[in-house]
1. Within 13 Å, Cβ to Cβ, of R181, how many net charges do the neighbouring residues add up to if Lys/Arg are +1 and Asp/Glu are -1?
2. Over the stretch 123-252, give the accessible area per residue in Å² for a 1.4 Å probe, as an integer.
3. Exactly which trypsin sites (Lys or Arg not before Pro) in the stretch 55-111 are in a DSSP loop and have at most 11 other Cβ atoms within 10 Å?
4. Return the aspartates and glutamates within reach of K165: Cα separation strictly under 20 angstrom, same-chain partners fewer than 8 residues apart disregarded; answer none if there are no such residues.
5. Which pairs in the list K161/K192; K79/K108; K79/K107; K130/K210; K55/K108; K55/K217 are over 23 Å apart, alpha-carbon to alpha-carbon?
6. For H143, H204, what's the largest-to-smallest order of accessible area, 1.4 Å probe?
7. Quick one: divide the alpha-carbon radius of gyration of the stretch 144-189 by 2.2 N^0.38 Å and tell me what you get.
Amino acid sequence: MMNNIRVDVAFSRKAIRLIPLIFFFTGITLAQAAWHPIDIQDERVLLDPPHIYAKGNTLYFDGKIDEDTDTVVISLIKKNNIRTLSINSIGGSIVPAMHIGLFIFQKKIDIEVRSVCASACANYIFPAGKNKKLAPDSYLLWHGSAHSPKSEFALNYGQEKITRKQFFSAPEFIEIKKMERDFYRAIGVQYKIGFCPQRLTDYHQRFPEKWFSYAEKDLQAFGVKNIFYSEGPTKWLQLMKKNGVIFANHCR
């Protein structure tokens, strides 16, 4: 069960590390017991460190996005003339994901989602691809961003002696929010895509799992273009709903 955006807080060298942590049941189930669960069977999405390798002009990525992932991914793309990033990830660290997204946007690299692209993957990597490819059983899931309402953050302070007010007013956190706005401006996508339904007063009732996705028309309204569904958008939408995914609408 995922109740909030869970982040670890670490002030070090004037940086805040924000690492979304996801709570899982057996089989990577994301749900509350009273609701039909999203049951992700492919546990490779949790690999940490991730498994990353090049084959031909495709870079394969399975696992979490950690603090060094951007360096590895960008290096392999440069060395192997990569044209497609085939990804399978539950998400991870915000800043490395933005670095990857901006690089693949600049290099006009395609994105292929195999099993899952969630959290930081959906926020920053999927929308940055030149062409975005989804199979009928490819999960595309959001659950917030750096601009989410403060009430949606669950902070794991560790050894840090700070209050929630200090965290949200910290220059480092403000800088990450600025980076996020600049990132979306650069790729031509509206920054509200990551947290849009969280602004609803009945968000917790309408989205009890705290995960959400978007249909093709809503993605396009946000500025996410060139989406290719291997068996069509209608079949993808139907299967995702059958599998427990709740869909949000575009907002301004």
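The values are calculated or read from the model by the stated rules, or taken from the named source; none is laboratory data. These figures come from a predicted structure and were not determined experimentally. Ideal geometry is used to build each Cβ from the backbone, glycine not excepted, and the neighbour counts take in all protein chains shown. Side chains included, ligands, DNA and RNA excluded: accessible areas come from the protein's heavy atoms. Shrake-Rupley method; radii C 1.70, N 1.55, O 1.52, S 1.80 Å.
1. Here the charged neighbours net out to +1.
2. Normalised by residue count, the accessible surface of the stretch 123-252 is 47 Å².
3. K108
4. List returned: D8, E152, E175.
5. Over 23 Å apart, Cα to Cα: K161/K192; K130/K210; K55/K217.
6. Most to least solvent-accessible, the answer reads H204, H143.
7. Relative to the 2.2 N^0.38 Å estimate, the stretch 144-189 comes out at 1.31.
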